Amino acid sequence: MTNSTTMDTVPLGATGPLVGRLGLGGMSMSGSYSAADEAQSIATVHAALDAGANLVDTGDFYGFGHNEMLIGRALADRKREDYLLSVKFGALRGPDNSWGGTDARPAAVRNFLGYSLQRLGVDHIDIYRPARLDPAVPIEDTIGAIAEMVEAGYVRHIGLSEVGAETIRRAAAVHPIVDLQIEYSLLSRGIEREILPATRELGIGITAYGVLSRGLLSDSLRTRRSFDRGDFRAFSPRFQGENLTANLRLVEALATIAESRGATVAQLAIAWVLSRGADIVPVIGARTVARWAESAAALDIRLTADEIAEIEAAVPAEQVAGERYAGPQMAMLDSER
């Protein structure tokens, strides 16, 4: 397994901290893809930290605060300087798990931040970001409110999530932005058109989630056709009927290449994202030590230009079937406009 002496670090954007080449995402540890084992989740956090992955990402709405409390317990015995907390806020949920939009008013920023600090058991958050753009609140107001929390010492850096190039520019004019968290994988390459050129121009890093396309880009779903009702994928367009059949054909093509390299599908998918640039940090949603170890092994894969071309030819972006979110959620994404 990769350890802290071998995992490279990269600066997160032009103004951000040094982070491990891979980050750990906590969402799957709090019920988004069926039940997770708490002891195994905590062990996974520890394994990631021991491997040199100092960036831990969560959201205050993951499991209605469960994920922050879990992450807080996992980090309780670690030195504060040994990890960086990235937290998304503002997503509104109903008791039936429904999505209620985003609240990014300045007063809400302060409110959500206070609750996150308490649940995580820390006195500051390293990177704080609105989960989505609030269409009722100018991004300048939201970023300005977070900037006040930076001044007060409760936040170290400001990030963004799932916003488009124009919003990124407006936000960066108010305060330095260290990174944009957004979905990026072989199956989701939309950021390459306008968003990635904008972040690179402005010196903003990318923390890429969905690198394995919610398990589609792995060996685990190659023979699976159904999901529990509480599983995000039960409602995700890419996992439905003919869409899933078409997408699994792409995965099989990728599997052939992976096998020739002695790698898993997941490892090859992660290696491809890593090859896109040092300004892109994959955030891996592992929830077991074994899955983390498999993902971390992707750091040892160095793809040649010919191999990258072969991978992209096997998985053409235009052949991916289905949007990455259901229609109502896609409509809320500033990054898709």
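The values are calculated or read from the model by the stated rules, or taken from the named source; none is laboratory data. In this text the structure is predicted, and so the values were computed from the model without any measurement. Because the Cβ atoms are built from the backbone with ideal geometry, glycine has one as well, and the counts that use them run over all protein chains shown. Areas reflect the complete protein model, heavy atoms only, side chains present, ligands, DNA and RNA absent. Shrake-Rupley method; radii C 1.70, N 1.55, O 1.52, S 1.80 Å.
The charge dipole of the chain, taken about the Cα centre with unit charges on the Cβ atoms of Lys, Arg (+1) and Asp, Glu (-1), comes to about 420 debye, rounded to the nearest 20.
For region 84-199, the fraction of C-alpha pairs farther apart than 24 angstrom is 25 percent. Secondary-structure-derived ellipticity at 222 nm for the chain, considering helices only, amounts to -11000 deg cm²/dmol, per-run term -39500 (n - 2.57) for DSSP H runs with n ≥ 4. Stretched out straight at 0.36 nm per residue, the stretch from E323 to S220 would grow longer than its current Cα-Cα span by 35.0 nm.
For region 62-121, the per residue solvent-accessible surface stands at 47 Å², with DNA, RNA and ligands left out and a 1.4 Å probe. Diffusion coefficient of the chain by Stokes-Einstein, Kirkwood radius over Cα pairs, 10 °C, 1.306 mPa s: 79 µm²/s. For T304 and D8, a Förster radius of 25 Å and the Cβ-Cβ distance give a FRET efficiency of 0.85, rounded to the nearest 0.05. A 1.4 Å probe run over the protein chains yields, for region 152-290, 37 Å² of accessible area per residue, whole-number rounding.
Report, to the nearest whole %, how much of the accessible area of the chain belongs to carbon and sulfur atoms, 1.4 Å probe, protein only. Here it works out to 51 percent. Relative to the 2.2 N^0.38 Å rule of thumb, region 246-337 has a C-alpha radius of gyration ratio of 1.20. Dipole check for region 87-228: with +1 at the C-beta of Lys and Arg, -1 at the C-beta of Asp and Glu, and the Cα centre as origin, the magnitude is about 460 Debye.
Just need log10 I(q)/I(0) for region 171-313 at q = 0.10, 0.13, 0.15 Å⁻¹, Debye formula, equal scatterers on the alpha-carbon atoms, no solvent, rounded to two decimals. The Cα Debye sum returns log10 ratios of -0.36, -0.61, -0.80.
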